[in-house]
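J.: So that we are looking at the same thing, I have put the structure below in structure tokens.
Quick note: the coordinates plus some simple rules give every number you see, no bench work behind them. Keep in mind the model is a prediction, meaning the values are calculated, not measured. Here the Cβ positions follow ideal geometry from the backbone for every residue, glycine too, while neighbour counts run over all protein chains shown.
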Ligand SMILES: O=P(O)(O)OC[C@H]1O[C@](O)(CO)[C@@H](O)[C@@H]1O
């Protein structure tokens, strides 16, 4: 696991943007794994900037988002479908048919998980996966206790995750209890992984990651076993 200490949030986002641009410029049909949450927002701004400066095109790129809440339609402003369009997709030339996000409204959620997993496989797997980290060590929405062998599945969100994400919802009760998430095994099959860590609230998670113990009670710890994983952490987290 390689660790890059960025000066600040902007620097973290810029470094990640450069790695992604390099990857897409050398392999235009890159399968990119995308994350939501506050952490990657700066990265999306950076990628849009590179696109507008004509230094990057997503014309042949295919994307797979990590997760989506169960029960929220794409039109809901708290869905990850809505998030991706608002913060990234509307500004770039990524074809609509190449954008993939699990459907949290699917009638048969188990079938939706299998279908999503098959889609990733059919594309040849994720080339470059972007990850954020939850305060409890979750990656995607793989909460502590999720088997490392899990593929795309339905997860009951931890109370701490629901509380952390409550800032986006009018009331705590409206924070969904379940989500579809790409599994840890699927994430680990990605050829390259970039984990972004930003802010004081992630200090404990970062410290535990550095401890190095690999345990299902701290999902991000599995990343120590990946042979091409870069952690980009900002100074605010470290200090
Ligand atoms: O970046 P945030 O908002 O702290 O969220 C942490 C993680 O939790 C999630 O929102 C759950 O998927 C991730 O997208 C994110 O990486």
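J.: Can you pull out every residue in segment 166-200 that is within 14 Å of the ligand (Cβ to nearest atom), in a helix (DSSP H, G or I) and more than 19 Å from residue 216 (Cβ to Cβ)?
T.: 166, 167, 168, 200
J.: Spot the failing condition for residue 23; the list is (1) within 16 Å of the ligand (Cβ to nearest atom); (2) under 18 Å from the mean Cα position of the chain (by Cα), and only one is missed.
T.: (1)
J.: Every residue in segment 209-227 that is surrounded by fewer than 18 Cβ atoms within 10 Å (Cβ to Cβ) and part of a helix (DSSP H, G or I), please.
T.: Within segment 209-227, 210, 211, 224, 225 meet the criteria.
J.: Could we say that residue 44 is under 21 Å from residue 230 (Cα atoms), within 16 Å of the ligand (Cβ to nearest atom) and touching a helix residue (DSSP H, G or I) at 6+ places or on another chain (Cβ under 8 Å) here? Before you say what the answer is, go through the steps one by one.
T.: Numbers: under 21 Å from residue 230 (Cα atoms): yes; within 16 Å of the ligand (Cβ to nearest atom): yes; touching a helix residue (DSSP H, G or I) at 6+ places or on another chain (Cβ under 8 Å): yes.
Yes; evaluated as a whole, the condition is true for this residue.
J.: Given the options 217, 230, name the one that is touching a residue at least 24 places away in the same chain (Cβ under 8 Å), out of contact with any helix residue (DSSP H, G or I) (no Cβ under 8 Å at 6 or more places or on another chain) and more than 23 Å from residue 118 (Cα to Cα). So that I can check it myself, show each step before the final result.
T.: Numbers: 230 fails: out of contact with any helix residue (DSSP H, G or I) (no Cβ under 8 Å at 6 or more places or on another chain).
From the options 217, 230, the qualifying one is 217.
J.: Still on this model: Among the numbered criteria (1) crowded, with 19+ Cβ neighbours inside 10 Å; (2) over 16 Å from the mean Cα position of the chain (by Cα); (3) within 15 Å of the ligand (Cβ to nearest atom); (4) within 30 Å of residue 224 (Cα to Cα), which one does residue 112 miss?
T.: Condition not satisfied by residue 112: (3).
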